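The values are calculated or read from the model by the stated rules, or taken from the named source; none is laboratory data. It should be emphasised that the depicted structure is a prediction, and the values quoted were computed from it without experimental measurement. Don't worry about glycine lacking a Cβ; one is built from the backbone with ideal geometry, like all the others, and counts go over all protein chains shown.
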Amino acid sequence: MEIIQSAQPLYTVAVSLLAIILIGLSGNKDPNLRESWTILAAIIKFFMVVSMIPQILDSKVIEYSLITLLPGLEIKFRVDALALTFATTASFLWIITSFYSIGYMRTLKEHAQTRYFMCFAGAMAGAIGVAFSANLFTLFLFYETITFCTFPLVAHSEKPDAIKGARKYIVYLLGTSLAFQLFAIFLTYNVAGTLEFSNQGILAGKASNALLTVIFILFIAGVGKAAMMPLHAWLPAAMVAPGPVSALLHAVAVVKVGVFTVVKVILHVFGIDLLSQLGLGTCLAYFASFTIIVASVIALRQDNLKACLAYSTISQLSYIVLGVALLAPSGITGSILHITMHAFAKITLFFTAGTIYLVTHKTRISELAGIGKQMPFTMSAFAVASLSMIGIPPLGGFLSKWFLAIGSIEAKQIPIIIVLATSSILNASYFLPIVHAAFFKEPHYAKHQSPKPKQNMLEAPALVLIPLMITAIGTLVLFLWPSLFLDLARIVVAGVTGEN
Amino acid sequence: MIELILGKYNYWVYITLMMIGFYAMIEKENLIKKIIGMNIFQTAVFLFYISIAKVKGGTAPILWEKEGIPYDNPIPHVLILTAIVVSVSTTAVALALIIRIFKEYGTIEEDKILIMSEVSGKQDSTENSKFLSSTSLLQKGE
Amino acid sequence: MIDLMLLLFLVVCAIAAVSMKDLLSTTIILGVYSLIMTVVWTRLNAVDVAFTEASVGAGITTVLIIAALSRTKREEEGQEYGMWSKLLNPQDLKLTDKQSPLLWLTSLFIVLITGAVLIYGTIDMPDFGDPDAPANIHLAKRFIEESYEETGVPNFVTAILASYRGYDTLGETTVIFTAGISLILLLRRKSYICDTTIKEKEMKEHIVIRTISRILIPFVQLYALYVIAHGELSPGGGFQGGVIFGSSIILYVIAFGLEEGRKVRIFREMGDLLNSTGVLIYAGIGVLCLLAGGAYLEYDKLPLGSEKMASSLGIYGIEIGVGITVAAVMITIFFITARHER
Amino acid sequence: MTLTESLPILVIIIPLISAIIIPLIGRIDKSIAFAFVISANFLSFIISISLLNTVMETGRISYWLGGWEPPWGIEYVVDYLSGFVLVIVSFIAFIISVYAKKSVEMEVEGEKILPFYSIYMLLVTGFMGMIITGDIFNLYVFIEISALAGYALIAIGKKRAALIASYNYLVLGTIGATFILLGIGYLYMATGTLNMADLRERLPMLYDSKVVLTAFAFITVGLSLKLALFPFHIWLPNVYNHAPSVVSALMAATSAKVIAYVLVRIMFSVFTMKFDLEVVPVTKILLFLSVIAIIAGSVLAIAQTNIKRMLAYSSIGQIGYIVLGIAISNQLSMTGSLIHLLNHALMKGTLFLVVGAVVYKTGMEDISSLKGMGKKMPFTMAAFTIGALSMIGVPLTVGFVSKWYLALGALKAGMWFLVFIILVSSLLNAVYFWRVIEGIYFHQKPKVRSQKSTTKDSIESLKPEIQNQDDAPVGMLIPTLILAGLCIVFGIAAFIPVSVVTPIVNMLLEV
């Protein structure tokens, strides 16, 4: 494996940081300039990420060490296939979300937009930073960056309920990471003497099984962002955030960083050999299964659209954890694909939820009857994304689920397949009624409100609509041309399993 | 045993004095009483130092013409000269504080002042109740 | 035997001072305690210390406390319940937290534990007066044998105080200075309204005091200067001399009152100036030593004739510095604490 | 003797002489006095740095006061440890003296400003003297100088409770100092010497002497009282709360550090590791106390409504951190402790300076008075945020570095539960600091709407709150920002302080 020393990862992260300053300087005086910085940074970032793809596909790794704080504490970037999968997804979706944000925020005339876009950029820097981190310290650093940058986003409206939700958000995320993740990092360094990620893992043979198990549990508990039960409560609470923030939170910046961290820990800190030897992978897989089923069931009972989506996210995140926890090649492939697939589908769903709120100020599922006629494009996108979530071909969601299923066969964990199937049915049973109601039901209020509202098209502004169309189409495209992500996943698998 | 007593009684007297002063410092409510206790407390320590300096049959540590007479140890004397000055300075500052406290609160009884502080600001009350638990731990550090 | 009696007296005085309710009596008893202590120390041959204690412990401290009492209260209040009634039937009493018997027990417990630890420590101590105790052989020996040669000061205490440990003494002077400035900071008010008229009326009747004071004060001051100057040879030195000098001014003020506000202002200005001047002389001599190429306070290096001469003069210099500061601070403190504000 | 050789004494004498001169020259013009304070502090800071530099190159410096060879005379010792602490204290004293002008003018009455500065310099002198001295009785003298200066500075706080705080501090401080004096007497009795280096040589053969044990006990308890180590912390919250802001800042940032330094000196330089570990279980007791201090300090901080008081309780916890590292006493934990001396000085300095600025602007010191300040005083509040994040221990701030070493030290010593304690305490820190940060940035004032309901007002209140930016004066802002900046600089370039601390640890642990 060839290692290229290049500062490109640093620049990729720094673009957003620079954007923060520029956005801050532009301020409220010139919103257009301010927004153009956002867009510009997003686009530059995306292209910087993309420009690294050929080298990575060539089985190379890009490394850059920025500074060594102390022995063992180094800020260091490493771009490998896994990092790039996530970074590509995240940076692409950032562009989309930026446009959507602009449309959304301007339509609603939200306050404190400068702060909003600054934090937004900060969160992105964090996400890419986590993706490109070469060791646990760097990862932890950017992990916390995201936590702090997204807090103002969640608390954006500054209303009491927003503050309350944001407080819950920060308690869970900061609390778990400070209490458990940091503890695990301390233990890891104490045991392994390094925090550097490695394909073989760094902990093998360094400590007793009991200690390793403790470290593993601390890591899993410490990544609150992965929203595994019982540490999921922050995610529904964070639904008080504006629409684009929810989208960003759920598709890119926060939760994906969480599962990405879990994947990193499993593959690059412990290594699949060690975990299978300890039998922890299977444990985690069943633990994740539990979350998958329970979260889906809870999602069924939700009336608030965003809460329903939030529980759906909780469930879907555990798919990713589950796949990696199987420790089988196809399972890992499935997980990595699911990061992307779920991102596209879920961001679409949140975009649509945000758009519905934007246009009609409705938040409840029960109010959505007939809305498909008013907002055909939006709801079509919603339908497409739902189908992807359920896992119906020809949409991206199918691919990842397929690999996950194969993975569970490889790992000889047949019950997992049942879990996958059950959850797909549950997914279907909370998404499809919404779609059905939206397109085929009459609005409720039509019955008792005397002036029948016009059934005209009420579609959102283009700046809002186009992004969600793009992501919806994206789910389709990803099914048809998944080769890039498959190749990347293959490199990852080859790396961690030692086959080449 | 007798030897022990004869050899050490001087030290024990200073310990007794010190404890009397110490007791007054932490138990008395009256602020001036505390200062008086403080003076006794500190003087007792000075007595200890001076006791160290004593040599059997020695004379005051000033050079004499005659040879062969043992002198008492001058070092503790020097140290205590300094310490006495420190002690009186502390007393002066403490008394100044007491005068100011009397001017502000109209009393120099600690419990009354604490009650007044509780009325004006609740924060002092927590201190008051905590005092007990913390003083009881005062000696554990040893 | 007399030593034992004195020590017993000390304990009795201490207990009396702590347990009496009338604060003025307490203060007087504290003065007596200090005086007995002075005697004890004299008997222990610590003449310099005894001198200081007599002037400071028995003198200044008493005066200061009385001055403070005159501006606060004379009686100790509260605690109308005895300790035993507190302990036996606490439920009858309306007590604040601080008065609870538990707290009293805790304090007692702390005191006893501390005492026990201290007594435990005495077990391994060398016997009282043991000439071979480590304290008496290591450093002390050299001081006794060589300090006269090295510093030219026959009083070992002064030699160590001013030369070997001269820096401690600078610290000590700084402490006094700090106390002086602290009191200025804490108590001084801009307005200087003195009810001197009343005082004067009162004092006019005390013609005896006035006459005696008039005769005495010059002698006291002369004696103060003598003590400062003779610190090298006999007990005493800058500190004791300064205290005595300060006392003479205080005596003057007590006897004659302050006729005019103007005088007060002069005293005040002088006090402030001299506070600093004294320490400055001391610290300055140190700096001069530095400039002369020596270490800080290395008097030998001062360009004042022979080494011994330089050393001797240097010691004089700092003694004067100490004396000035002490006297000035004493006067300042007295003026500040004794002034009645109406 | 050349100037360079005289530096160890100049570092003390310059602040001392300036303290003496200030009341004199201040009569001419107060601004001269102020300039004097700053330049004296700056000089002693520069000298401290050059001393540390010299020590790094040539090793231990010994300065004989009066030219007398120790142990007969008093010795000044600059080694890695004292050099390091000197730099911290003189730097903080300098920064705060720059900051002080406006704040003091507001919080201290006009005619008291001169004595205030004089005593401020005496406090600094006391601290510096305690650090640099190699003589145990001289240490006592300087402890008393700083203590007396401290009492006066605290007592001139605006509220009358300041007097009580100062008085209680005086009583407890005197008990502590007298205990130390007593301990010194016992040590002298057992060894016949007062020089620290000499004591170190003579003590090992006396380690089982009950006199030495008692001496050690009394010195440790006396220092713990002054250090405000739990359970001796009772005086501290009132003191920090009621003292003028500048004094709170200086004391919070330096006082405990200096005493902790003295504790380290006594434990590791006068006594040895062997004594601490084998003869007396002092490390175990300190471990126990520090753990309670860490947790209790943090928990009590949560309950506070006054910001200074909250910071004071937080200090109690942080002092626990410093002692914890000393108590674990392996290389990593000692590094953590010593580096926390610097780090905590920076963080707490920042936070207290911010509070001082808020008091200057609003006259209030309740936590609620910070609400909405993010818009009014953006720079000051940015500094607060940095300080608070440091206290929580977020990576890239100094707080993380301390925690990293302490936790690793605890793990190395096999004491897992300590890591747990450290992390729980940072969670608690997060709770009480986040509450404040949230108030600073995410707060709307609903009061306006409810009180006045005229249409004009309600329309105005619906508008996004645009408060006029009204930040602290530059003279206060810059020192605050410098300290806050250093919280980050030393959080990132942590290897710089660590490279200074490592030889200290090696020296203390005799590795």
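With a requirement of 1 or more residues that are of a type in the set (Asp, Glu) and either within 7 Å of chain B (Cβ to nearest Cβ) or on the phi < 0 side of the Ramachandran plot (or both), the helices (runs of 4 or more DSSP H) lying completely within the range C:1-61 that satisfy it span C:2-19, C:47-53. The requirement of being among the polar types (S, T, N, Q), crowded, with 24+ Cβ neighbours inside 10 Å and in contact with a Gly (Cβ under 6 Å, 6 or more places away or on another chain) is not satisfied by D:SER82. D:LEU187 meets the conditions (1) within 26 Å of the chain's Cα centre (by Cα); (2) surrounded by 24 or more Cβ atoms within 10 Å (Cβ to Cβ); (3) within 14 Å of chain C (Cβ to nearest Cβ); (4) of a type in the set (A, V, I, L, M) in every case but one. The failed one is (1).
Taking into account only those residues within the range B:38-69 that are of a type in the set (Ser, Thr, Tyr) and buried (at least 22 other Cβ atoms within 10 Å of the Cβ), which is modelled with the lowest pLDDT?
Within the range B:38-69, the subset of a type in the set (Ser, Thr, Tyr) is B:43, B:49, B:51, B:59.
From the residues that got through so far, the ones that are buried (at least 22 other Cβ atoms within 10 Å of the Cβ) too are B:43, B:49, B:51.
Numbers: B:THR43: 93, B:TYR49: 92, B:SER51: 88.
Result: B:SER51.
Entry remark, the range D:398-419: residues being within 8 Å of chain A (Cβ to nearest Cβ) and at pLDDT below 90 number 0 in total.
Within 12 Å of chain D (Cβ to nearest Cβ) and either surrounded by fewer than 21 Cβ atoms within 10 Å (Cβ to Cβ) or in a helix (DSSP H, G or I) (or both), is that true of C:TYR296? Considered against the rule, which asks whether it is within 12 Å of chain D (Cβ to nearest Cβ) and either surrounded by fewer than 21 Cβ atoms within 10 Å (Cβ to Cβ) or in a helix (DSSP H, G or I) (or both), C:TYR296 comes out as no. Contact map, the range D:379-390: first residue closer than 15 Å to D:LEU427 by Cα, second residue in a helix (DSSP H, G or I), Cβ cut-off under 6 Å, separation 6 or more or different chains; pairs are D:ALA388/D:PHE433; D:ALA388/D:ILE437; D:SER390/D:MET347; D:SER390/D:VAL398; D:SER390/D:GLY399; D:SER390/D:CYS487.
Scanning the range B:87-109 for residues that are modelled with pLDDT under 90, within 24 Å of the chain's Cα centre (by Cα) and more than 7 Å from every other protein chain (Cβ to nearest Cβ) turns up just one, B:THR107.
Taking every residue in the range D:72-95 that is free of Cβ contacts under 8 Å to residues at least 12 places away in the same chain and pairing it with any residue that is part of a helix (DSSP H, G or I) and buried (at least 24 other Cβ atoms within 10 Å of the Cβ), at least 6 positions away or on another chain, the pairs with Cβ-Cβ distances below 7 Å are D:TRP72/C:LEU139; D:TRP72/C:TYR164; D:GLY73/C:TYR164; D:GLY73/D:LEU65; D:GLY73/D:GLY66.
Residue selection: C:LEU222 fails the criterion of being hydrophobic (A, V, I, L, M, F, W, C), without any contact (Cβ under 8 Å) to a residue 24 or more places away in the chain, over 24 Å from C:ILE209 (Cβ atoms) and in a helix (DSSP H, G or I). Take the range D:139-168 and flag every residue that is within 11 Å of chain C (Cβ to nearest Cβ) and touching a residue at least 60 places away in the same chain (Cβ under 8 Å). Hits for the range D:139-168 are D:LEU139, D:ILE143, D:SER146, D:ALA147, D:GLY150, D:LEU153, D:ILE154, D:ILE156, D:ALA162, D:SER166.
Residues that are small (Gly, Ala, Ser), farther than 23 Å from A:LEU249 by Cβ and at pLDDT below 90 do not occur anywhere in the range A:38-56. The set of residues from the range C:154-176 being more than 12 Å from B:VAL78 (Cβ to Cβ), more than 7 Å from every other protein chain (Cβ to nearest Cβ) and hydrophobic (A, V, I, L, M, F, W, C) comprises just one member, C:LEU170. Contact map, the range C:101-112: residues that are facing chain B (nearest Cβ under 7 Å) paired with residues that are among the acidic types (Asp, Glu) and surrounded by fewer than 18 Cβ atoms within 10 Å (Cβ to Cβ), Cβ distance under 8 Å, separation 6+ or inter-chain. Pairs shown: C:LEU103/C:ASP97.
On the basis of being of a type in the set (Gly, Ala, Ser) and either free of Cβ contacts under 8 Å to residues at least 12 places away in the same chain or surrounded by fewer than 21 Cβ atoms within 10 Å (Cβ to Cβ) (or both), does C:GLY305 make the cut? Yes, satisfied.
When each of C:SER25, C:SER19 is tested for being modelled with pLDDT of 90 or more, more than 19 Å from B:VAL93 (Cα to Cα) and not aliphatic (A, V, I, L, M), the lone residue that passes is C:SER25.
In the range B:70-81, what residues are outside any loop (DSSP other than H, G, I, E, B), within 7 Å of chain C (Cβ to nearest Cβ) and surrounded by 24 or more Cβ atoms within 10 Å (Cβ to Cβ)? Steps first, answer last, please.
First, pick out the residues of the range B:70-81 that are outside any loop (DSSP other than H, G, I, E, B): B:71, B:74-81.
Narrowing further to those that are within 7 Å of chain C (Cβ to nearest Cβ): B:71, B:74-75, B:77-78, B:80-81.
Within the range B:70-81, B:PRO74, B:ILE75, B:HIS77, B:VAL78, B:ILE80, B:LEU81 qualify.
Contact annotation: residue pairs with Cβ atoms under 6 Å, 6 or more positions apart or on different chains, pairing a residue in the range D:222-236 that is facing another protein chain (nearest Cβ under 8 Å) and under 14 Å from D:LEU170 (Cα atoms) with a partner that is at pLDDT 90 or above and in a helix (DSSP H, G or I), are D:PHE232/D:SER224; D:PHE232/D:LEU225; D:HIS233/D:ILE316.
Before we move on, is D:SER44 in a helix (DSSP H, G or I) and either of a type outside the set (Ser, Thr, Tyr) or within 11 Å of another protein chain (Cβ to nearest Cβ) (or both)? Give the steps one after another, and end with the answer.
Details: in a helix (DSSP H, G or I): yes; either of a type outside the set (Ser, Thr, Tyr) or within 11 Å of another protein chain (Cβ to nearest Cβ) (or both): no.
In short, no.
Output the residues belonging to the range A:156-169 that are buried (at least 22 other Cβ atoms within 10 Å of the Cβ) and part of a helix (DSSP H, G or I). Steps first, please.
Taking the range A:156-169 as the starting set, the residues that turn out to be buried (at least 22 other Cβ atoms within 10 Å of the Cβ) are A:156, A:166, A:169.
Listed by number, the residues that qualify are A:ALA166, A:TYR169.
Restricting attention to the range C:34-69, the residues that are in contact (Cβ under 8 Å) with a residue 24 or more places away in the chain and either of a type in the set (Phe, Trp, Tyr) or in the same structural domain as C:THR337 (by TED's automatic domain parsing) (or both) add up to 1. Residues in the range D:270-299 that are at pLDDT below 85, more than 25 Å from D:SER82 (Cα to Cα) and in a helix (DSSP H, G or I): D:GLU278, D:VAL279. State the number of residues belonging to the range A:23-43 that are within 25 Å of the chain's Cα centre (by Cα) and surrounded by 18 or more Cβ atoms within 10 Å (Cβ to Cβ). Counting residues in the range A:23-43 that are within 25 Å of the chain's Cα centre (by Cα) and surrounded by 18 or more Cβ atoms within 10 Å (Cβ to Cβ) gives 6.
Report those helices (runs of 4 or more DSSP H) wholly inside the range A:335-450 carrying at least 2 residues which are of a type in the set (Val, Ile, Thr). Steps first, please.
Working: elements: A:371-374, A:376-390, A:396-410, A:414-440, A:445-448.
The helices (runs of 4 or more DSSP H) meeting that bar are A:376-390, A:396-410, A:414-440.
For the range D:303-319, enumerate the residues that are under 16 Å from D:LEU229 (Cα atoms) and of a type in the set (Val, Ile, Thr). Residues satisfying the conditions are D:ILE316, D:ILE319. Taking the numbered list (1) more than 25 Å from D:ALA190 (Cβ to Cβ); (2) buried (at least 22 other Cβ atoms within 10 Å of the Cβ); (3) at the interface with another protein chain (Cβ under 7 Å from one of its Cβ atoms) in turn, B:LYS28 passes all entries but (3).
Each row is one residue, and each column tells you yes or no for (1) surrounded by 15 or more Cβ atoms within 10 Å (Cβ to Cβ); (2) assigned to a helix (DSSP H, G or I); (3) at pLDDT 90 or above.
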| position | (1), (2), (3) |
| --- | --- |
| D:SER426 | yes, yes, yes |
| D:ILE440 | yes, yes, no |
| D:GLN469 | no, no, no |
| D:ALA472 | yes, no, no |
| D:ALA484 | yes, yes, yes |
| D:GLY491 | yes, yes, yes |
| D:SER499 | no, yes, yes |
| D:PRO503 | yes, yes, yes |
